[in-house]
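Structure record follows, encoded as C-alpha cells.
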Amino acid sequence: MRIVRHYRSPPDAAKGAVIALGNFDGVHRGHQALIAEARRVATAAGRPLAAMVFEPYPREFFQPNAEPFRLTSFRSKAELLTAAGVDYLVVVKFNAEIAGLLAQDFVTDVLVRDLAAAHVVVGEDFRFGKARGGDATVLAYMGEMEGFGVTVFRAVIEDGEKISSSKVRAALKAGHPEQAAELLGHWWAVQGRVAHGDARGRGLGFPTANLRLKANLLQPKYGVYAVRVRHSGREHRAAANFGVRPMFAVRAPLLEVHLLDFSGDLYGELLQVEFIALLRGEMEFPDIEALKRQMTADCAEARKILERL
C-alpha cells in the first residue's frame, strides 16, 4: 500500500480510484465489511482501491483537550488497511481550511478535482463538510451531478446492535479485551519502542519492557493483562501491567511488559502488544514480598490463558 499525504497532487495511478471514506478507527469488522465492498466495486471496475482518512481526527481538532480515544495509531491503522487490500491510503490533513469547507466544496474540490474519484463508499451515518452539513444523501446526489458512483454501506449489526468504534472503546475501558476483539476481528494492540525505566521489575525478578502509550491513544482499564508480544517477526507470551503502580507513586500511566521465557535486551526495539485478557485490576500490597507472590501468580495465570490460544 502506498501512502498519499498530498491529496492535491496525488500520483497519477491513484487518480480515478474507488475511495472508501471514513476514519476507520480500529478497523473493526464493520469497517472491514465496508472496505471489502469497496474492493469488490474496484475490482469489477478495474480501478485501484483507496481509503481516505483525516489526520488528526476531526474530534481531536475540535476538542484538543478531550480524553484520548483513538483505538489505533496511524502506523497500526496503515498496517490493518494494507491487510484489508487497500492500494492507496489518502491522508487529508484536517485543519481550519478543511473544517471550513462546505460539503459541496469538499466533493468538488477534493473528491472530483484533486482525486478524480470514480466511486465513493461510505457508511450510512457518514457526515462531512462544514458543521457536518453533508451526509450520505448529499454525497449520492452530488455523485449523480459530478459523474461518480456512490455506495452507502449499511452498518454491520450483531445481536441487534451496530458494531462501532464506540463499543470497542467501551469494552476496553471496562477491562474486556476479549469483547473488543470480537468486535474488531483481531486483538486490540498497541505499538511502541521500549524505553529505559527505573529497573524495579528487574530488581524483583520480573524484568519488563516499558512502553508509554501515545498521548492520543485510548487508555484501557488499569490492571494486569495476559498479552501477546510481536517483535522482529516472532511472537512471545507475556504478562503486562498498565497503570500508575500505586505502590510506587508513578504519575503517568505506563505499560510494563514481562516476556515469559525470554532473556535479552529490548531497549529501543519496536514491540506490538496484543491485549488478550484482564487478570486483575491494580492493587496495593503491604510489602515487596506480597507483590512478588502476586506477580508470580499473575505470570502463571497469563501462561495458562495464552497456552489456550
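The values are calculated or read from the model by the stated rules, or taken from the named source; none is laboratory data. Worth saying up front: this structure is predicted, and the values here are computed from it rather than measured. Here Cβ is always computed from backbone atoms with ideal geometry, including for glycine, and neighbour counts include all displayed protein chains.
So how many residues does segment 20-40 have that are over 17 Å from the mean Cα position of the chain (by Cα) and surrounded by fewer than 23 Cβ atoms within 10 Å (Cβ to Cβ)?
Adding up the residues that qualify gives 4.
Just one of (1) modelled with pLDDT of 95 or more; (2) more than 20 Å from the chain's Cα centre (by Cα); (3) in a loop (DSSP other than H, G, I, E, B) trips up His186, so point out which.
Going through the list (1) modelled with pLDDT of 95 or more; (2) more than 20 Å from the chain's Cα centre (by Cα); (3) in a loop (DSSP other than H, G, I, E, B), His186 breaks only (2).
Output the number of residues of segment 18-35 satisfying the condition of being within 21 Å of Asp159 (Cβ to Cβ) and in a helix (DSSP H, G or I).
Selection size over segment 18-35: 6.
Suppose we keep only residues that are out of contact with any Phe, Trp or Tyr (no Cβ under 9 Å at 6 or more places or on another chain) and part of a helix (DSSP H, G or I) within segment 139-165. Which one would you say is surrounded by the most Cβ atoms within 10 Å (Cβ to Cβ)?
Across segment 139-165, the extreme among qualifying residues is Gly143.
Given the condition under 26 Å from Glu182 (Cα atoms), within 20 Å of the chain's Cα centre (by Cα) and buried (at least 19 other Cβ atoms within 10 Å of the Cβ), answer yes or no: does some residue in segment 9-19 qualify? Steps first, please.
If we filter segment 9-19 for residues that are under 26 Å from Glu182 (Cα atoms), which is where we start, we get none.
No - not one qualifying residue is present in segment 9-19.
Sort out which residues of segment 126-138 are in a strand (DSSP E or B) and not small (Gly, Ala, Ser), and write them in order of number. It would help to see each step written out before you state the result.
Keep residues of segment 126-138 that are in a strand (DSSP E or B), which gives 127-128, 134-135.
Of everything in segment 126-138, those that are in a strand (DSSP E or B) and not small (Gly, Ala, Ser) turn out to be Arg127, Phe128, Asp135.
Name every residue in segment 65-82 that is under 14 Å from Ser166 (Cβ atoms) and in contact with a Phe, Trp or Tyr (Cβ under 9 Å, 6 or more places away or on another chain), in order of residue number.
Those that are under 14 Å from Ser166 (Cβ atoms) and in contact with a Phe, Trp or Tyr (Cβ under 9 Å, 6 or more places away or on another chain): Phe69, Arg70, Leu71.
If Glu178 satisfies all but one of (1) of a type in the set (D, E, K, R); (2) within 30 Å of Ile276 (Cα to Cα); (3) at pLDDT below 95, what's the number of the condition it fails?
Condition not satisfied by Glu178: (3).
Among the residues of segment 257-282, how many are surrounded by 13 or more Cβ atoms within 10 Å (Cβ to Cβ) and part of a loop (DSSP other than H, G, I, E, B)? Quick ask: steps written out before the conclusion?
Filtering segment 257-282 for residues surrounded by 13 or more Cβ atoms within 10 Å (Cβ to Cβ) gives 257-260, 262, 266, 269-280, 282.
Restricting the remaining residues to those that are part of a loop (DSSP other than H, G, I, E, B) gives 260, 262, 266, 269, 282.
Residues that pass the stated criteria total 5.
Checking the structure you have, find out if any residue of segment 202-216 is in contact with a Gly (Cβ under 7 Å, 6 or more places away or on another chain), among the polar types (S, T, N, Q), part of a loop (DSSP other than H, G, I, E, B) and modelled with pLDDT under 95.
Yes, because at least one residue in segment 202-216 is in contact with a Gly (Cβ under 7 Å, 6 or more places away or on another chain), among the polar types (S, T, N, Q), part of a loop (DSSP other than H, G, I, E, B) and modelled with pLDDT under 95.
Search segment 41-66 for residues being surrounded by fewer than 18 Cβ atoms within 10 Å (Cβ to Cβ) and hydrophobic (A, V, I, L, M, F, W, C), and hand back the single one that is modelled with the lowest pLDDT.
For segment 41-66, the residue satisfying everything is Ala66.
How about segment 166-178: which of its residues are crowded, with 22+ Cβ neighbours inside 10 Å and small (Gly, Ala, Ser)?
Residues satisfying the conditions do not exist here.
Scan segment 119-133 for residues that are farther than 20 Å from His31 by Cα and touching a residue at least 12 places away in the same chain (Cβ under 8 Å) and report the count. Show your work before the answer.
In the first step, residues of segment 119-133 are kept if they are farther than 20 Å from His31 by Cα; the result is 129-133.
Subsequent filtering for residues that are touching a residue at least 12 places away in the same chain (Cβ under 8 Å) retains 129-130, 133.
Total meeting the criteria: 3.
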